[in-house]
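Worksheet for the structure shown next.
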Amino acid sequence: MNGTYGTGPGPGTAAGGEVVDGDGGGATGAGAPVGAGPVTPVDSVPGGGVPGGGALGRADTAADGGVAGEGAPGDNVPGAGVPGDSVAGKGEVPGDSVPGDWESLLSAALLGTDRRGGPGGERDAAVALLDAAAVATVRRRAGLRPAVSAEHPAPAAPDTRPPLPEPAARRLAQLLNDRAGAAGSGGGRSSAPSLAELLPQWLAAANAYGYRPPPSSLPGLLDAARARTDLRAGAVTLAGPRGRWLAGLNADWKFALRSGDHGAAGDAAQDPRAARALWEEGLFAERVALLSALRVDDPAAGLALLRSSWGQERAEDRLLFLDSLRTGLGPADEEFLEAALTDRSRNVRSTAAELLSCLPGSALSHRMAERALACVTLDRTGVGPRVVVEAPRECDAGMERDGVVVTPPSGRGQRAWWLGQLVEAAGLGGWGERLGGRSPEQIVALAVADGWRDDLHGAWSRAAVRQGDAEWARALLGPPPSVPASAAVAGDPARLLSVLPEHERAAWVTEFVAAHGLSEAFRMLGACAVPWARPLGRAVIDALDIAREAGSYPWSFSGVMGLAERCLDPSDAGRLTPFTAEPSEDGPHAAPGAAGYWTEAFRRLVTTLQLRAVMHAELAGTDLDGAVAAVRGGC
């Protein structure tokens with residue numbers, strides 16, 4: 001029944017009163033170690049000991065020598081000992097007794113030793129409490145059982161893409177570091193280019209070459225995509241299988257698992273049994289990714305998978321799953337979407353109605369067309385034909401079921417609100433027959449009675465965008481107006497432009513900028529393809545020069561300047577160089593400081609265009625000096 005104390009610096013005390021030097025092992029008799037307390041059999045000690053061993057609690061020890069058990073946090077077990085030994089810890093326990101209950105120590109600390117008392121006895125209660133907490137902390141840590149080692153994750157799938165050229169890899173690190181620095185800056189535009197604003201364009205170019213990034217850049221790349229949704233598609237594509245592997249290990253990057261035909265979802269989409277298993281057992285992000293991947297290659301299989309669990313899904317999940325049906329949307333989805341019109345969730349019902357209205361031959365589209373056509377007629381009794389509108393006077397249950405929202409937004413008339421929703425959801429193909437066999441261009445040219453023109457044309461504009469009808473979009477836009485677009489085009493010109501082919505967009509906006517300058521062109525410029533076509537770029541540069549020469553308030557053009565940095569063709573930098581000369585004094589009608597601001601803005605624009613040229617040369621592996629020289633010599 002002998003045991004050995006540990007090697008603490010304090011003296012141990014044997015049962016017979018013999019003092020044993022704490023620096024060496026001290027044999028004890030049948031007595032108890034330091035501190036008062038009864039002898040406790042090992043089986044009664046929380047946390048349990050090693051068979052045949054003893055565990056030391058509040059100055060308690062086993063009757064026989066043994067191993068101090070591995071206690072759980074909060075238990076009075078000093079930790080694992082050596083077989084056949086009882087471990088008393090290091091040194092003498094402060095005070096006459098040490099409360100082993102961690103909760104008691106916390107309670108005394110929170111309430112105060114004046115109210116709760118402490119373990120000090122004759123000693124200062126507060127000091128004794130802190131000493132006891134220190135000892136208990138060591139015991140809690142020593143008593144922790146080693147965690148069971150988790151299985152190592154499966155290795156990432158191989159990435160067979162070629163690596164980024166070394167200059168491009170350094171540029172990526174610079175772009176990501178600038179993003180982090182910009183997040184902590186105080187704002188404002190300096191004369192140096194903003195690398196963070198160029199990151200989306202760099203990602204698109206790198207993905208066009210099919211490169212893979214250095215593994216060390218993946219965390220920064222995923223963090224950047226987490227902070228900016230506009231980066232996600234490009235960042236996840238560049239990150240490749242290794243990035244998706246990392247995303248599976250970090251909940252902050254789970255968005256990468258939802259990005260199309262990627263990772264486990266992309267693999268499972270090729271195997272029906274694996275797809276079913278992932279759909280039933282996978283994380284929500286993986287299920288969304290699986291459904292999106294299936295809708296690309298096999299829309300019917302994706303719909304069948306969604307049907308199988310639709311009734312058990314949460315409303316917010318049903319909404320996102322339903323939104324995935326936009327990919328591969330076709331007549332085969334109509335029955336399911338019709339059933340979703342009676343869903344418990346208003347958002348689900350609204351999304352189902354929107355998707356059905358995108359199917360020109362759907363029953364909902366026909367129902368909405370019947371209602372809309374009944375509200376609009378052609379009047380031939382006057383000098384010339386005109387459109388007469390009789391908006392609905394009530395919103396019945398059928399209209400509500402088909403997605404019509406009853407309550408209008410603030411400031412909008414109720415009848416006009418209902419009319420707009422009916423016309424927007426109706427197929428555009430029925431209007432020609434209703435209005436005398438006219439083409440969209442001829443219909444738009446008709447007069448509209450009683451001030452209903454803006455409401456009717458605005459609804460047609462939204463329908464053209466929803467249905468992707470370029471003929472109607474072209475008719476509603478018309479030629480670039482002789483007055484600013486906000487007064488001449490009903491609806492949103494930028495959204496209508498997005499339906500047209502790229503060359504038509506650029507040509508329309510070029511004429512508009514040449515006629516009206518840049519004050520209302522910002523959103524329309526954003527709808528144009530990047531880089532801007534050369535005629536559009538030159539029109540923008542000319543309009544900026546006119547504004548500079550006129551002494552216009554310069555800060556109102558900062559948005560267009562930012563767009564120009566990202567969208568102008570780098571070869572246009574040569575035309576901007578004359579505007580970077582040292583400014584003369586502000587003219588008599590110029591805004592204060594305008595000349596200096598314009599010069600600084602043009603310098604930044606030129607520097608950014610030159611940097612973009614270098615970035616493309618780095619990705620292409622071509623001569624960097626030659627790229628810069630070509631940009632500087634552009635005209």
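Can you list the helices (runs of 4 or more DSSP H) found entirely within the stretch 551-635 that contain at least 3 residues being open to solvent by less than 50 Å² (accessible area, probe 1.4 Å), modelled with pLDDT of 90 or more and touching a helix residue (DSSP H, G or I) at 6+ places or on another chain (Cβ under 6 Å)?
On the way: elements: 558-567, 573-576, 594-620, 624-632.
Those helices (runs of 4 or more DSSP H) span 558-567, 594-620.
Could you please find all residues in the stretch 208-240 being in a helix (DSSP H, G or I), more than 17 Å from the chain's Cα centre (by Cα), surrounded by fewer than 18 Cβ atoms within 10 Å (Cβ to Cβ) and of a type outside the set (A, V, I, L, M, F, W, C)? Listed by number, the residues that qualify are TYR209, PRO215, SER216.
Go through (1) in contact with a Leu (Cβ under 9 Å, 6 or more places away or on another chain); (2) on the phi < 0 side of the Ramachandran plot and name the single condition GLU549 misses. Unmet for GLU549, out of (1) in contact with a Leu (Cβ under 9 Å, 6 or more places away or on another chain); (2) on the phi < 0 side of the Ramachandran plot: (1). Look at (1) touching a residue at least 24 places away in the same chain (Cβ under 8 Å); (2) of a type outside the set (A, V, I, L, M); (3) open to solvent by 20 Å² or more (accessible area, probe 1.4 Å) and you find that GLY330 fails only one, number (3).
Please find, among GLN414, GLN421, the residue that is in the same structural domain as ASP455 (by TED's automatic domain parsing), among the polar types (S, T, N, Q) and open to solvent by 60 Å² or more (accessible area, probe 1.4 Å). Walk me through it before giving the result.
Values: GLN421 fails: open to solvent by 60 Å² or more (accessible area, probe 1.4 Å).
It is GLN414.
Figure legend. Inter-residue proximity from the stretch 336-363: first residues over 14 Å from VAL404 (Cα atoms), second residues at pLDDT 95 or above and among the aromatic types (Phe, Trp, Tyr), beta-carbon distance below 9 Å, spacing 6+ or different chains. Indicated pairs: PHE336/TRP310; ALA339/TRP310; ALA340/TRP310.
Every condition in (1) surrounded by fewer than 11 Cβ atoms within 10 Å (Cβ to Cβ); (2) in contact (Cβ under 8 Å) with a residue 24 or more places away in the chain; (3) not polar (S, T, N, Q) holds for ARG139 except the one numbered (1). For the condition in contact with a strand residue (DSSP E or B) (Cβ under 8 Å, 6 or more places away or on another chain) and open to solvent by 20 Å² or more (accessible area, probe 1.4 Å), ARG434 qualifies.
Is one or more of the residues making up the stretch 525-548 in a loop (DSSP other than H, G, I, E, B) and open to solvent by 70 Å² or more (accessible area, probe 1.4 Å)?
Yes; the residues of the stretch 525-548 include at least one that is in a loop (DSSP other than H, G, I, E, B) and open to solvent by 70 Å² or more (accessible area, probe 1.4 Å).
The set of residues from the stretch 464-479 being surrounded by fewer than 20 Cβ atoms within 10 Å (Cβ to Cβ) and closer than 16 Å to ALA521 by Cβ comprises just one member, PRO479. Scanning the stretch 266-300 for residues that are assigned to a helix (DSSP H, G or I), modelled with pLDDT of 85 or more and over 13 Å from SER324 (Cβ atoms) turns up PRO272, ARG273, ALA274, ALA275, ARG276, ALA277, LEU278, GLU280, GLU281, ASP297, ALA300.
The values are calculated or read from the model by the stated rules, or taken from the named source; none is laboratory data. The structure presented is a predicted model; accordingly, all values stated were derived computationally and were not measured. Because the Cβ atoms are built from the backbone with ideal geometry, glycine has one as well, and the counts that use them run over all protein chains shown. When the accessible area is computed, the model is the full protein with side chains, heavy atoms only, and any ligands, DNA or RNA have been set aside. Shrake-Rupley method; radii C 1.70, N 1.55, O 1.52, S 1.80 Å.
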